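The values are calculated or read from the model by the stated rules, or taken from the named source; none is laboratory data. If you're wondering where the values come from, they're calculated on a predicted model, not measured in any experiment. Counting neighbours? That spans all protein chains shown, and the Cβs are built from the backbone with ideal geometry, glycine included.
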Amino acid sequence: MIFKDYLIAIDLDGTLIANFDEADKKSLRYLKKLAKTNTVVIATGRPLRSSKYYYNLMKLKTPIINYNGALIQNPYDQSFPKYSIKIDKALLINFVIDNNDIIHTLFCEIDDDIYLDRNFDYAYPYLHTEGGNLITGSISKTLLDDPNGAVVFAKAGSEERLIKYAQANFNEKIKIRIWHTKDIVIAELHNPLINKGNALKKVCDYYSIAHDKTIAIGDGNNDLEMIKFAKYGVAMANAVPELIEIANYKTKSIDENGVFHFLKNFKDFQK
């Protein structure tokens, strides 16, 4: 049974996409079907240029949430207010200088301009350079304005130092979120106002969608606030433990078409 009038927020990487470009086509097809009677919204850490393909594949005309909520816009509706939240360029530059001995590189973005502090092979899959203008060099010299956020690649074992630096020097103006700590530390620097939960609330308020009509599905630490916000907060089976712990529901992994499985059987979860 196809349901209607819900806001369905979907993460991309780890939820609909594996290994950066392996799409869960079955789930995408079902979301395209649901988009005819519901407000389907992509909520991702990716920039618009690397998420619009999937947006268009589902034939969406809704707002899209990029940079984990730092940028919200509707590519097809200019009347929708564009939200853009940034971080302080000066604090970011000092962060790189003060931690130069442990940081491999860092990148940040302004619109479709990508600023990469220095070349580092591990970072390139995260850049999504297609459709963007890549500028490489010390951000102290190349960065022209405040960016929406930044992604840092640092030496393994450095997460505690990075967290302590952020707490001591950013004065609550920038928050740090650690993504991965196995072979390398990947950290996101973001404005404290930014998270997918706040972004979803803006979309709900704009379209007057009741909280009881909200579904969110994700897999990562950057999905925590979104899953907490939604009435039906769903963690993928492949999600990080912190997300599984706070989610109301758990679906199958991305390899098992988890998004499709939950939405196809949504009436059973409503009981």
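A few comments on the model shown:
- Scope the range 115-151; condition touching a residue at least 60 places away in the same chain (Cβ under 8 Å) and either in a strand (DSSP E or B) or of a type in the set (Lys, Arg) (or both); matching residues: Ala150
- Residue list for the range 155-183, filter: farther than 21 Å from Gly69 by Cβ and touching a helix residue (DSSP H, G or I) at 6+ places or on another chain (Cβ under 6 Å): Thr181
- Candidates Asn222, Asn191, Asn257, filtered to the one that is within 20 Å of Ile85 (Cα to Cα), polar (S, T, N, Q), touching a residue at least 24 places away in the same chain (Cβ under 8 Å) and touching a helix residue (DSSP H, G or I) at 6+ places or on another chain (Cβ under 6 Å): Asn222
- Scanning the range 97-111 for residues that are outside any strand (DSSP E or B) and under 23 Å from the mean Cα position of the chain (by Cα) yields a single hit, Asp111.
Rundown of residues vs (1) under 28 Å from Pro125 (Cβ atoms); (2) assigned to a strand (DSSP E or B); (3) among the hydrophobic types (A, V, I, L, M, F, W, C), yes/no style:
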{"position": "Lys164", "(1), (2), (3)": "no, no, no"}
{"position": "Glu172", "(1), (2), (3)": "no, no, no"}
{"position": "Ala199", "(1), (2), (3)": "yes, no, yes"}
{"position": "Asn222", "(1), (2), (3)": "yes, no, no"}
{"position": "Val234", "(1), (2), (3)": "yes, yes, yes"}
{"position": "Leu243", "(1), (2), (3)": "yes, no, yes"}
{"position": "His261", "(1), (2), (3)": "yes, no, no"}
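- Residues that are of a type outside the set (A, V, I, L, M) and under 19 Å from the mean Cα position of the chain (by Cα), drawn from the range 62-78: Thr62, Pro63, Asn66, Tyr67, Asn68, Gly69, Gln73, Asn74, Pro75
- Boolean, Tyr249 is buried (at least 20 other Cβ atoms within 10 Å of the Cβ), modelled with pLDDT of 95 or more and not β-branched (Val, Ile, Thr): no
- Residue satisfying condition, being part of a loop (DSSP other than H, G, I, E, B), crowded, with 17+ Cβ neighbours inside 10 Å and touching a Ser or Thr at 6+ places or on another chain (Cβ under 8 Å), within set Thr15, Thr62: Thr62
Per-residue answers, yes or no, for (1) touching a residue at least 40 places away in the same chain (Cβ under 8 Å); (2) in the same structural domain as Glu256 (by TED's automatic domain parsing); (3) of a type in the set (A, V, I, L, M); (4) over 23 Å from Leu162 (Cβ atoms):
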| position | (1), (2), (3), (4) |
| --- | --- |
| Cys204 | yes, yes, no, yes |
| Lys213 | yes, yes, no, yes |
| Ile217 | yes, yes, yes, yes |
| Ala237 | no, yes, yes, yes |
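- Unmet requirement for Pro81, which otherwise passes all of (1) under 21 Å from the mean Cα position of the chain (by Cα); (2) free of Cβ contacts under 8 Å to residues at least 24 places away in the same chain: (2)
- Among the conditions (1) surrounded by 15 or more Cβ atoms within 10 Å (Cβ to Cβ); (2) farther than 27 Å from Leu263 by Cα; (3) not polar (S, T, N, Q), Leu193 misses just one, which is (1).
- Scanning the range 21-59 for residues that are among the basic types (Lys, Arg), in a loop (DSSP other than H, G, I, E, B) and under 18 Å from the mean Cα position of the chain (by Cα) yields one hit, Arg46.
- Ile93 falls short on exactly one of the conditions (1) surrounded by fewer than 16 Cβ atoms within 10 Å (Cβ to Cβ); (2) at pLDDT 95 or above, and that condition is (1).
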